[in-house]
Amino acid sequence: MGEIQQQIIKEHKERQEKFVYYLVALAVSCIGFAVYNTLDAKLKLIQIPLGLAVISWGISVFCGIKFLKTALALLYDNSRYFDVKNGHDKDIGNNQEKIKHAISIIKPILIDRANKISVLFNWQIRLFYAGIIVFIIWRILEMYFK
C-alpha cells in the first residue's frame, strides 16, 4: 500500500471519529434542549413524540460511544495482528505454525469489529436524524393543538 493511500485512510478514520464526536455532542445538546423546553410542562399524551425523539437521540449517543470504544479495540487488535504477523509477539515469536494459528484467530475478530463499527456508525446517524424528524413532528403537533 502506497504512502498516499495510507494517508488517505488515516485521514478518513480521523474525520469519521470527529464526525462521531460531533453527532454525540449534537444529540446530547438536543436532549438538553428538549428537557429544558419542558421543565414546567405537565405530562400529556402530546409529549410522546418528544419522548421518542429523546430516546432516539439517547440511543444515537450510545451508538456513538460504542463506536469509539469498538474503534479503540480494533486499533489494539490491528496492532496485535501486525506484531504477530511480523514475529514480534513475545508469546508467539517467530514460530510460523503459531503465527498462522494466531492470525486465523485474530483476522475474524478484526473483520467482526470492522463490521460492528460500520453498523454502529450508520445507526448513530439514522437515530440522530430520526430524533430530529420526530422532534419536528412533536413541535408541529404541539402548535396545532394549542
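Might you check whether a residue that is under 24 Å from Phe121 (Cα atoms), aromatic (Phe, Trp, Tyr) and either assigned to a helix (DSSP H, G or I) or modelled with pLDDT of 95 or more (or both) occurs anywhere in segment 31-39? Yes, because at least one residue in segment 31-39 is under 24 Å from Phe121 (Cα atoms), aromatic (Phe, Trp, Tyr) and either assigned to a helix (DSSP H, G or I) or modelled with pLDDT of 95 or more (or both).
Right, Ile132: open to solvent by 60 Å² or more (accessible area, probe 1.4 Å) and either at pLDDT 90 or above or part of a helix (DSSP H, G or I) (or both) or not? In short, no.
Among the residues of segment 87-102 satisfying the criterion of being open to solvent by less than 100 Å² (accessible area, probe 1.4 Å) and not acidic (Asp, Glu), which is farthest from Asp77 (Cα to Cα)? Of everything passing the filter in segment 87-102, Asn95 is farthest from Asp77 (Cα to Cα). The residues on offer are Tyr144, Tyr76, and the sole one that is in a helix (DSSP H, G or I), free of Cβ contacts under 8 Å to residues at least 12 places away in the same chain and farther than 23 Å from Glu17 by Cβ is Tyr144. Among the residues of segment 50-65, are any under 23 Å from the mean Cα position of the chain (by Cα), of a type outside the set (A, V, I, L, M) and open to solvent by 60 Å² or more (accessible area, probe 1.4 Å)? Checked against the condition, which is being under 23 Å from the mean Cα position of the chain (by Cα), of a type outside the set (A, V, I, L, M) and open to solvent by 60 Å² or more (accessible area, probe 1.4 Å), segment 50-65 yields at least one hit.
The values are calculated or read from the model by the stated rules, or taken from the named source; none is laboratory data. Bear in mind the structure is a predicted one, so any value in this text is a computation, not a measurement. Note: ideal-geometry Cβ built from the backbone for every residue, glycine included; neighbour counts use all protein chains shown. For the accessible areas, the whole protein counts, side chains as well, though only heavy atoms, and no ligand, DNA or RNA atoms are used. Shrake-Rupley method; radii C 1.70, N 1.55, O 1.52, S 1.80 Å.
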